[in-house]
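Read the structure below first, then the notes.
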Protein chains: 2
Amino acid sequence: MEPKLCSGLFLLIVTACFILLLTSTNFSHEPSSTYCTNSSSSPLCASRNFLFNKKTRPITKNVPKPKPKNHDHVSDTPNHPLDPLTVMEINKVRSILSSHALFASPAPHSFHSIVLEEPDKNLVRQWEKGTTLPPRKASVIARVGADSHVLTVDISTSYVDLVDSPVHAPGYPIMTLEEMASATWAPFTNEDFNRTILSRGVDLTDVICFPISSGWFDNKEGNRRLIKIQCFSTQGTVNFYMRPIEGLTLLFDLDIKQILETTDTGRSIPIPGSTNTDYRFSNLPNRDKTRPLNPISIEQPRGPSFVIEDNHLVKWANWEFHLKPDPRAGLVISTVKVHDPDTEVSREVMYKGFVSELFVPYMDPSEAWYFKTYMDAGEYGFGLQAMPLEPLNDCPRNAVYMDGIFAAADGTPYVRENMICVFERYAGDIGWRHSENPVTGMPPLREVRPKVTLVVRMVSSVGNYDYIIDYEFQTDGLMRAKVGLSGILMVKGTTYKNKNQVKKDKEGNEEELYGTILSENVIGVIHDHYVTFYLDLDVDGPNNSFVKVNLKRQQTEPGESPRKSYMNVVKNTAKTEKDGQIKLSLYDPSEYHVINSGKTTRVGNPTGYKVVPRATAASLLDRDDLPQKRGAFTNNQIWVTPYNKSEQWAGGLFTYQSHGDDTLAVWSNRDRDIENKDIVVWYTLGFHHIPCQEDFPIMPTVSSSFDLKPVNFFERNPILSATPNFEHDLPVCGAGSVSA
Amino acid sequence: MEPKLCSGLFLLIVTACFILLLTSTNFSHEPSSTYCTNSSSSPLCASRNFLFNKKTRPITKNVPKPKPKNHDHVSDTPNHPLDPLTVMEINKVRSILSSHALFASPAPHSFHSIVLEEPDKNLVRQWEKGTTLPPRKASVIARVGADSHVLTVDISTSYVDLVDSPVHAPGYPIMTLEEMASATWAPFTNEDFNRTILSRGVDLTDVICFPISSGWFDNKEGNRRLIKIQCFSTQGTVNFYMRPIEGLTLLFDLDIKQILETTDTGRSIPIPGSTNTDYRFSNLPNRDKTRPLNPISIEQPRGPSFVIEDNHLVKWANWEFHLKPDPRAGLVISTVKVHDPDTEVSREVMYKGFVSELFVPYMDPSEAWYFKTYMDAGEYGFGLQAMPLEPLNDCPRNAVYMDGIFAAADGTPYVRENMICVFERYAGDIGWRHSENPVTGMPPLREVRPKVTLVVRMVSSVGNYDYIIDYEFQTDGLMRAKVGLSGILMVKGTTYKNKNQVKKDKEGNEEELYGTILSENVIGVIHDHYVTFYLDLDVDGPNNSFVKVNLKRQQTEPGESPRKSYMNVVKNTAKTEKDGQIKLSLYDPSEYHVINSGKTTRVGNPTGYKVVPRATAASLLDRDDLPQKRGAFTNNQIWVTPYNKSEQWAGGLFTYQSHGDDTLAVWSNRDRDIENKDIVVWYTLGFHHIPCQEDFPIMPTVSSSFDLKPVNFFERNPILSATPNFEHDLPVCGAGSVSA
C-alpha cells in the first residue's frame, strides 16, 4: 500500500466520520456501526470496527484451547462480582443515561470511562460461586460542555448517583480515542499549518500528526483542556516517528476542537531521511538469511494446564485469580489465591494488582520538547492503547486470548480482540535442584525440577512506545511483574549528520544535544520510564503490616570472635504511612515484608509476602519541577497506604493536566496509620533510557521486573513434591508443513 | 537404599581406596582405574569413575544432535589454541613430570591443577583455522611435601619450566577431590570424635562429615594447611544438611592428614529431626496430584540452529565463541565474536569471560560458624564441583552436552560427563515489536519478532549449595550472565522449636539467632553470595577505554523553559584503575561503557559495549575484617584493570588460606593506566540471603544477572531483518507415549 495515497484517503474518511459523530447524540440500545463500514480503515472507524468483527481467532492445529463460544460478546453475562461490564450492560448504561437530565443539554457530551463500579471489597471477598452477584453498577466519567462528571449507574434499578457533578478538582479525564483522532486531523484544517508544510517541500498527503499530552505548567493553559500536536512525514516509510517535522507544534483545544496556536522553531532542520527506517517483514530488502534459526516452539500436546472459568477466573497449578481488561490500567488481576499443599486450603495473597500510572519525562527543556512528560494511564488509557496481540509472535503458540469490552465516546460498546494472552512458559529453567558431591560418601543423588510458570500478558502501544506487561506466576508462590519496553523512539530532528559536526564552545564543551545521534539528522532524546503498580496485598486476609527487615553491620565485641563483623537483621514495623515511604539503597539494604501479624507458621514466624525489587531507576528531576510534582508518586520506590477505594490512581483520578495535588505522594503525606490494617503497597519500576544506535529504527526489548514472594508464608518449600520431566511424558514432534 | 547400611559400606570402601592411593605414586601413561571398580560408589572412586564411563548419553528420539564420536575422549586431539588439555596430553604431562627431579623425593605429592597454559593472547587472536596450533603447554600446580610449586610443561619438547618453585606467597592451591574425601572420613579414625557421637546417641554409620574451608584468621593457623570438618546425621534422610550435629567441629591438617583438634560447643543442642527433609521424587509420600501440569517442552524438530565445531567452537545465529570446561572457573567462554549484518564481518567483543571467584560469608560469629566465609572457586574448584547435568530437567530436551576432562590428584585424567549444556531457548518473549495506533491514520500495522536465545549452562554443587551459571546470548548482541542459587541451606541446630521460646533480655530484646527458625530445632543462618566475573572485553580489538556515562540533574536557567530541570549525560573516561572502581548508586546513576576509541560508527559514536548491572547486593562487612580483606574483590561492583595474564583470579592464585594481599583490590590500587589499553572489567553479582521457611528442606531457585550490551556498536538494530514465527514453520506435535 502506498502511504502517500493512503493518508489522503484517511483524511477524507476521518473527516466524514467525525462530522457524523459530532452531530449525533442519540443513544440507541443496539451497538451501532452506522458511521463506518467494515472496510473503512480510518482511525476513528478502526476503533469501532473492533466491535462485531467476525474474523476468526487464530487457532493452532493441534492444541486444544478453551475459547469463548461467541466472539461478538453480545450474549455475555457477568459471572463474578468483578467481571467487567458486558456489551449488554454498557448498552443499558447508555440507555439509562440517554434519558438523564445531565445529557439533555445541547452541549457536546462524551463518555470518557464506563467501567464496572466494583462492589465493596468485603462483598467480593465473601461472595461464593453459585450465589447471586452484588448489584451491578457502572462508574461513568462523562464530559458535558466544559465540565467533567463522575456518576454511578445502578444497572438494575437505573438509579444514577451524581458522585461528583460537576467536578471542581483540577485535571481532566482520559482522552477518548475519538478526541485523539480529532487531534490528528485538526492541523490539516489550519491554513498556517498547511503553508508551513508546503514551505518545507513536503506533500500534505505524506503528513501524519500525533497528539501529545501537554502536561501542566502552572496555568499557562488558562483552564482549557489542551493537547499539543506534532507531525511527521510518512514519505517512503511506515516508520514516520523517524521522520519528525522538528519544532512544529500545534496547540489544540480538546473541548472546542480548535487549533489555538502554531509554533515553529525548526524551519532550518531537515526532515531525516527514510533510509533503513522501515521494519515491516514484507518490505525488507535483506532478510536474515545468514545462519537462520530453525523453528522453535513451546509445545503442550495435551493442552495447557490452566482453565479460564466463566471467561475471567484463571486456575492454574496452585494459583487462582480473576483477570480482566481495563481501559485505564490495561489489565487487572484480583482475588489472587494460592493453594497451600500442607493444609489443602487456598489462601488469600492479593486482592487487586494493576498498573496504576506511568510517568515518562523526556529530558529536553526546549520549546518543542519540554512538555513531553507523559502519564500514559491517566492521559491516554493504558488499556485503550493496548492493541490486539499477534498470535505466535506476541505470545507463544500455546497461548489463550482474552478480549476487552470497552465503551466508545458515545457510550457504544466495542470489542478489543485478543487484548490479553495467558500462556504457560517453560524456558529451560530450574525450579530447584541438588546434586550430592560424591566425596560426601552419599549414594549418587541428583534431583532437579523444571520450572514452569504461567504468564498473563498485554502490550500497550502508547503512540511510539510499546509496553509489554507480564504477570508471571510461579508454582513456588512467587509472582513477578515484568515490564518490557519496545516500539519506536521519540526522536528529534537535527542539522547534524555526524557527531564531529557538533558545535563546541571556547572551552571545548560540545553543544547540549539532549541525546544521542542515532542516524543522519536524528537524535534519540534521553528519557525515563516509571511504571507504578498498585498492589493491594491481603496476606491471609486484609489486615496486614509492613515490616522493614533491615540488614545492618554488627561489630563483634573484643574477644567474642575471630571475626570483626557480621550482618544482622533489625525489624521495624511501619506504624504510619511515612514509615512506609521507601527509598532503596544498595548500602542500607532491607527486605520489605507484608505480614499477617495475626497468623504464624507452625514454628512461630508471621506469615508474609515480600516485595523484592530488582533493577530500577529513580527520577533525578527537581522535586519542585511541575512534571515531577505531578509524577510525585515516583518520589519513592515503595509506598504503603491504608486501603481506600478512592485511592487507586497514583497520579490522581483526573491526571490529564493535573496539578499534582491528588497524587499518591499527597495521600501518603497524610501519614495515616498502617499497622495491622488493610494496606496497599505501591511499587515503582523505573528505567533510564539513553538511546543508542541499536534502538534505531525500532528498539530491541529492554525489560525489568520485581517480585512478590512468599516469606514464611508456607511451612516449607511448596514445590517439594513437584514432578520432574520424564522422556515418555514429553511431546513427539515432527517438522512443520514447509520443508527446510 | 538404606542410608544407614550404605554409609557404613562407604566408609570401608573409601578407606580401602585411600590406602591404595596414598601408597601409590607411580606414574603411568595409561589412565588407570586400578583402585576402584566401576561398581564401587565410594566418594573417591566415584570421581574416578567419570573416566571411561561407557554409559550412553541420553538422546531424545526425534532431535538430531551433534555429539562427540567417542565418549572416553582417549583419541581427542586439540583443534584450537584454547582447547583444554586432552586425555592424551594430560597423560603426557604426567609422564614428563614422573621423571622430573621435583617428584623424585619420597615426600607425598599431589597435583592440584593440570590445565592448558593458554598461549599469549596475540597468538590466539591471530591464529586461523587450518594453521598449526601454538606450542601446547600445561600449567601445573603441584604440592610436594609442605611446598606448592607452579610449573609449565611444554608437551612437545617435554621442557619443564619452574615458574614459581617453591611458592613463597601465602595461601594454598585448591583442595583436590581426594583431599576432600580424606577429610570426610578422617573423623572416624579419631576416638574423641567417635565417643562424642556415641554419647549423643547417634550411630556412627549414620554420620557423614563434610570439609569446610577454614578461612584465614591471622596466623591462628600456624602455617598449616587446615580444614574444618563438621558432621551430620543421615538417619532417615538423604538431606543430612538438615540434621547438623551442631557445634562439633574438627580441625584437620590436609598435608599430614591428621585431626588436630576437636571442639564441641553443641552438646545440649538436639539433632533436628528428619521429618519432611527428604526431597527425592522416589521417596515422596504425597506427590503433587492436585492440578498437575500437563507436559510442556521446548521443541525444535529440525534440530538446534547451533553447531559445536571441533568440540569447542560454538556457532549460533550471529555469535561465535570458544567454550571449555575448567576445573577452577567452571566454564570459560573465549574469543567471542558477533556478526555485523551491515558489514558482514564478525567483530570481536570479548576475549575471555568466566567466574573468577566467589565469596560466601555466613553471618554468625560464634565458634562453630565464624570461619564459614567460602571462596568456592579458589578453595573447592567451581568446575571440580560441577556434577553431571540431569538431561530433561537441568537442561531442556533440545540441549547438547559437553564433557570436562580434568586431572585427578595423581595426574590421571578423568571425564566429567555432561558438565556443560548448550541449548536454544524460546520462552515466549518478544525480540522487538510495534503496533501502530489506528488513530494515527496509518494502515493496520503490527510487527512482532519472537526472542530466541542461546544458553550455555553449568551447575556447580559446592557442598550444600547449587550454583546455576547461565551465559545467554541474544541475537541483538546482548550477552547475559545469570547466577541461580538452589540446593540446600547450611543450617544451624538450636534448642528452640518455636520462635516464642526464644529468650529475651530485660529490655525485651530477643536473643540473637543469626537467622530464621525454619523448622523445629533448625535455624537458617543469614549469609551473602558474591560471584565475581572476569570479563576481558575486546570491543573491536583489545585497545579499549572505560567510560562512565553519568546521568546528572541539570537545572534550567531562569526563563529558559517551563521546566525547572532535566537530566543530562556527563561522560568521564577512566584514566587509571581508581577511576574504574565503581560503587553503584540508584541516585547517582551511570552507564558503564567499554568503547573502542579508535573506531566510530557512521555518525561518529565510538563503538562500544556497556556493562548493565541488574539486582545485586554489596557486602556490609567491616573492610578490615579478615574475611572481607580476603574477599576485597567484592568492595566495588565494578573494577577495571589493565590486561595482565597473571591477574585472573580475583582472590589470588592461591586463595586457600590467603591473606588478602593478592586480590583484585590490591592490584587495582596500584592505579595503573587503563585508558585506550587492553582492559579487563570485573563485575560482582551479590545476593543477601535471609533464609525463610520456603527454603526448607531445599531451596526454590533465586537468580540474578547482569548484561553486556552493544551501545553504538552496530549502526542500527541488528535484528531488524529477523523473521517472525509462521504457523507452517512450527512443529507438529502429539502427546508422549504414556497416556494421560
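Every number here is computed from the coordinates shown, using simple stated rules; none is lab data. Small disclaimer: the values here were computed from a predicted structure and weren't measured. Here the Cβ positions follow ideal geometry from the backbone for every residue, glycine too, while neighbour counts run over all protein chains shown.
Taking the label point 7 Å from Cα in the Cβ direction, how far apart in nm is B:Arg280 from each other copy of itself, listed shortest first?
Label point to label point, same position, other copies: 6.2 nm.
Tell me the angle of helix A:3-23 to the major Cα principal axis of chain A, expressed in degrees between 0 and 90 and rounded to the nearest ten.
Computed tilt is about 90 degrees.
Work out from phi, with θ = phi - 60° and the Karplus expression 6.51 cos²θ - 1.76 cosθ + 1.60, the ³J(HN,Hα) of each residue of the range A:372-377, listed in order in whole Hz, and give x for Gly and Pro.
6, 9, 4, 10, 4, 6
Determine the sum of side-chain charges near A:Asp622: Lys and Arg each +1, Asp and Glu each -1, restricted to other residues whose C-beta is under 10 angstrom from that of A:Asp622.
Working: positive: A:Arg623, A:Lys629, B:Arg553, B:Arg563, B:Lys564; negative: A:Asp624, A:Asp625.
Neighbourhood net charge equals +3.
What list of ³J(HN,Hα) couplings, whole Hz, do you get for the range B:481-492 from phi and the Karplus terms 6.51, -1.76, 1.60, once you set θ to phi - 60° and write x for glycine and proline?
10, 10, 10, x, 10, 9, x, 10, 5, 8, 10, 10
Could you give me the percent of Cα pairs per 5 Å distance bin for the range B:519-726, shortest bin first, beginning at zero and ending with the bin that holds the maximum distance?
1, 6, 12, 15, 15, 14, 12, 9, 7, 5, 3, 1, 0, 0
Given H placed on each backbone N at 1.01 Å, which residues far from B:Val207 in sequence or on other chains put an amide H within less than 5 Å of it?
When sequence neighbours closer than 5 places are left aside, the close amide H contacts are B:Thr234.
Check A:Asp326: other-chain or 5+ apart residues with amide H under 5 Å from its amide H, H built from backbone geometry?
A:Leu331, A:Val332
Using a Förster distance of 35 angstrom, determine the FRET efficiency expected from the C-beta separation of B:Leu260 and A:Arg602, and round it to 0.05. Intermediate results must be reported in sequence, preceding the final value.
Values: r = 41 Å, r/R0 = 1.18.
Working from the Cβ atoms, E equals 0.25.
What does the convex hull of the Cα atoms come to per residue for the range B:322-476, in Å³? Kindly include the intermediate steps, with their values, before the conclusion.
Details: hull volume 29.7 nm³, N = 155.
It is 192 Å³ per residue.
Run the paramagnetic zone check for B:Asn122: 7 angstrom along Cα to Cβ, then residues of the range B:665-691 with backbone nitrogen under 14 Å.
The answer is B:678.
State which entries of A:Lys492/B:Lys548; B:Lys575/B:Lys599; B:Lys257/B:Lys629; B:Lys583/B:Lys629; B:Lys337/B:Lys709 exceed 21 angstrom in Cα-Cα distance in the structure shown. Don't skip to the end; give the middle numbers.
Working: A:Lys492/B:Lys548 25 Å; B:Lys575/B:Lys599 19 Å; B:Lys257/B:Lys629 28 Å; B:Lys583/B:Lys629 17 Å; B:Lys337/B:Lys709 13 Å.
Those over the limit are A:Lys492/B:Lys548; B:Lys257/B:Lys629.
Which FRET efficiency, nearest 0.05, do B:Thr189 and A:Asn669 yield, Cβ-Cβ r, R0 60 Å? Before the final figure, lay out the partial values.
Details: r = 69 Å, r/R0 = 1.15.
Approximately 0.30, to the nearest 0.05.
Take every Cα-Cα pair in chain A and report what % of them are more than 41 Å apart.
Numbers: 93606 of 273430 pairs.
Of the Cα pairs, 34 percent sit more than 41 Å apart.
Relative to the compact-globule scaling 2.2 N^0.38 Å, provide the ratio for the alpha-carbon radius of gyration of the range B:456-563.
Compared with the compact-globule rule of thumb, the range B:456-563 sits at 1.90.
Say R0 is 22 Å: what FRET efficiency, to the nearest 0.05, do A:Ser165 and A:Ser99 get from their beta-carbon distance? Walk me through the intermediate numbers first.
On the way: r = 16 Å, r/R0 = 0.74.
The formula returns an efficiency of 0.85 here.
So what does log10 I(q)/I(0) come out to for the range B:136-220 at q = 0.18, 0.20, 0.26 Å⁻¹, using the Debye formula with one equal point on every Cα and no solvent?
The Cα Debye sum returns log10 ratios of -0.91, -1.00, -1.23.
Please grab the % of Cα pairs in the protein assembly as shown that end up more than 70 Å from each other.
Working: 88215 of 1094460 pairs.
When every Cα pair of the protein assembly as shown is considered, 8 percent fall beyond 70 Å.
Using the 7 Å Cα-to-Cβ label point, sort the distances from B:Lys220 to its equivalents in the other copies shortest first and give them in nm to one decimal.
Label-point distances to the other copies, shortest first: 6.7 nm.
Helix-only mean residue ellipticity at 222 nm, chain B, DSSP H runs n ≥ 4 weighted -39,500 (n - 2.57), per residue, nearest 500. What is it?
Numbers: 9 runs with 77 residues, N = 740.
So the helix-based figure for chain B works out to -3000 deg cm²/dmol.
What spacing in nm lies between the two simple spin-label points modelled at A:Asn676 and B:Asp147, each 7 Å away from Cα in the Cβ direction?
Placing both labels 7 Å along Cα→Cβ, they lie 7.2 nm apart.
Place a point 7 Å from the Cα of B:Ala107 along the Cα-to-Cβ direction; which residues of the range B:242-263 have their backbone N under 18 Å from it?
B:253-258
On full extension of the chain, what length is gained from B:Lys504 through B:Ser268, given 0.36 nm per residue of separation minus the C-alpha to C-alpha distance?
Details: separation 236, 0.36 × 236 = 84.96 nm, distance 1.93 nm.
Length gained between B:Lys504 and B:Ser268: 83.0 nm.
Could you work out Rg/(2.2 N^0.38 Å) for the range B:635-715, with Rg from alpha carbons only?
Values: Rg = 17.5 Å, N = 81, 2.2 N^0.38 = 11.7 Å.
This ratio for the range B:635-715 stands at 1.50.
Using the 7 Å Cα-to-Cβ label point, sort the distances from B:Gly734 to its equivalents in the other copies shortest first and give them in nm to one decimal.
0.9
Can you tell me the orientation of helix B:87-98 relative to chain B, as the angle in degrees between its alpha-carbon axis and the longest Cα principal axis, to the nearest 10?
Approximately 50 degrees, to the nearest 10.
Across the range B:457-464, in residue order, what do the Karplus-derived ³J(HN,Hα) couplings come to in whole Hz, using 6.51 cos²θ - 1.76 cosθ + 1.60 with θ = phi - 60° and x for Gly and Pro?
Couplings: 10, 9, 10, 9, 9, 8, x, 6 Hz.
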